[in-house]
Amino acid sequence: MMAPQPADDRALLELRGIRAGYGIIDVLHGVDLRVERGQVMALLGPNGAGKSTTLGVASGQIHPTAGRLLISGRELNGVRPEALARAGVCLVPEGRGIFPNLTVAENIRMMTYSGGSYADVQSRAFAQFPRLEERRRQLAGTLSGGEQQMLSMARALATDPALLMLDELSMGLAPIIVEELYGQVAELARSGLSILIVEQFAQTVLGVADIAAIMLQGRIQRTGPPAEIAEELTAAYLGIQSPNGGDH
């Protein structure tokens with residue numbers, strides 16, 4: 001599944017010793033994380049583990065109090081989210097991040113600020129998600145949950161990102177819709193796009209991931225092949241430290 005590595009062997013995204021949180025309270029306590037080029041990583045853990053905060057740091061929305069954020073080997077601590085977006089980092093947030101009072105087509109048009117033509121952006125979106133073309137004149141807020149998630153992903157892909165980050169893609173969706181969305185994720189992975197996926201419910205995402213990590217209490221406890229991580233998830237979610245896990 002993982003695309004061949006180019007000559008540049010620097011990780012596309014690397015977090016080193018990241019501490020971050022809200023106000024004076026740190027949520028992350030020394031997070032180390034690498035997403036290689038062309039790799040799909042699943043970041044798993046229960047509510048409150050620090051997964052979304054990790055994405056906030058990686059997308060520039062939360063500035064770390066310690067540690068380093070590197071994109072392709074370049075340190076970018078303190079860089080604004082729009083600058084990271086121009087560097088190819090794109091986040092689809094929990095809650096989908098669409099404009100509910102605009103039509104599907106208008107939501108897609110909003111993404112032409114990145115420099116692409118509307119015709120190209122729209123064509124790419126409708127090719128990736130044909131259902132959106134059927135709904136192009138419909139207000140985004142009236143779409144089903146799965147269709148809204150498709151629109152959110154289409155908007156993100158319009159920027160032609162190097163790294164796509166997905167926060168709780170399956171939130172509130174029926175299993176059959178989740179399976180369909182992860183089919184799209186698998187297709188994107190085959191194209192060589194690097195993807196970091198945060199999920200609380202792990203089984204579907206492990207089917208498309210190259211590598212997975214378990215996060216608990218603001219720390220990465222274990223990183224490894226999806227099959228191995230799947231065996232440890234039950235213990236992790238119950239708060240039991242695996243024999244192979246890292247230090248708290």
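FYI, it's all coordinate maths here, none of it is from the lab. What you see is a predicted model; the values in this text were computed from it and never measured. Cβ sites come from the backbone with ideal geometry, for glycine too, and all protein chains shown count toward neighbours.
Binning all Cα-Cα separations of the stretch 156-231 at 5 Å, short to long from zero, yields these whole-percent fractions: 3, 14, 26, 24, 20, 10, 2, 0.
Listing Ile197, Ile98 from fewest to most neighbouring C-beta atoms within 10 Å gives Ile98, Ile197.
Taking the Cβ of Pro225 as the center, what net charge do the other residues with Cβ under 12 Å away carry, scoring Lys and Arg +1 and Asp and Glu -1? That sum, taken over residues with Cβ under 12 Å, equals -3. Gyration tensor analysis over the Cα atoms of the chain returns equivalent ellipsoid semi-axes of 29, 20, 17 Å (largest first, whole Å). Please list, short to long, the whole-number percent of alpha-carbon pairs of the stretch 55-111 in consecutive 5 angstrom bins beginning at zero. Taking every Cα pair in the stretch 55-111, the percentages come to 4, 17, 24, 19, 14, 11, 7, 4, 0.
Among the trypsin sites (Lys or Arg not before Pro) found in the stretch 117-190, those both in a DSSP coil and sparsely packed, with 13 or fewer other Cβ atoms within 10 Å of their Cβ, are Arg137. Quick one: net charge of Val178's neighbours, Cβ under 12 Å, K/R +1, D/E -1? Summing Lys and Arg as +1 and Asp and Glu as -1 gives -4. The ellipsoid equivalent to the alpha-carbon distribution of the stretch 1-131 has semi-axes of 28, 20, 15 angstrom, derived from the gyration tensor eigenvalues as √(5λ) and listed largest first. Distances between every pair of Cα atoms in the stretch 97-160, grouped in 5 Å steps from 0 to the bin holding the largest one, split as 4, 23, 36, 25, 10, 2 percent.
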